[in-house]
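The values are calculated or read from the model by the stated rules, or taken from the named source; none is laboratory data. Small disclaimer: the values here were computed from a predicted structure and weren't measured. Note: ideal-geometry Cβ built from the backbone for every residue, glycine included; neighbour counts use all protein chains shown.
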Amino acid sequence: MLKNAQDYAKGCAMTQMHQNQKQEKMNHQEQKEKQRQERLAQQLRQNLKRRKEQSRKRAQKEF
């Protein structure tokens, strides 16, 4: 009976460890996706700023 209880406890511990690993992997993937989104947003802001500046320079040349 004690052997079964130990096996059960060991199985629960392994399951918990596996769940923790899965959660850590998901957290890591979410963090990577968040960084990707931030990088894309930064690129969009820079592109918009650059295009705005180019447009302003073109408008100055026309006058």
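Considering the stretch 1-38 alone, what residues qualify as being surrounded by 10 or more Cβ atoms within 10 Å (Cβ to Cβ) and among the basic types (Lys, Arg)? Show your work before the answer.
Let us first name the residues in the stretch 1-38 that are surrounded by 10 or more Cβ atoms within 10 Å (Cβ to Cβ), namely 6-38.
Residues satisfying the conditions are Lys10, Lys22, Lys25, Lys32, Lys34, Arg36.
Can you tell which of Lys52, Lys10, Lys61 is part of a helix (DSSP H, G or I), modelled with pLDDT of 95 or more and not hydrophobic (A, V, I, L, M, F, W, C)? Spell out how you get there, then give the answer.
Details: Lys10 fails: modelled with pLDDT of 95 or more; Lys61 fails: modelled with pLDDT of 95 or more.
The match here is Lys52.
Can you confirm whether the stretch 39-62 contains a residue that is loosely packed, with under 10 Cβ neighbours inside 10 Å and acidic (Asp, Glu)?
Within the stretch 39-62, one or more residues are loosely packed, with under 10 Cβ neighbours inside 10 Å and acidic (Asp, Glu).
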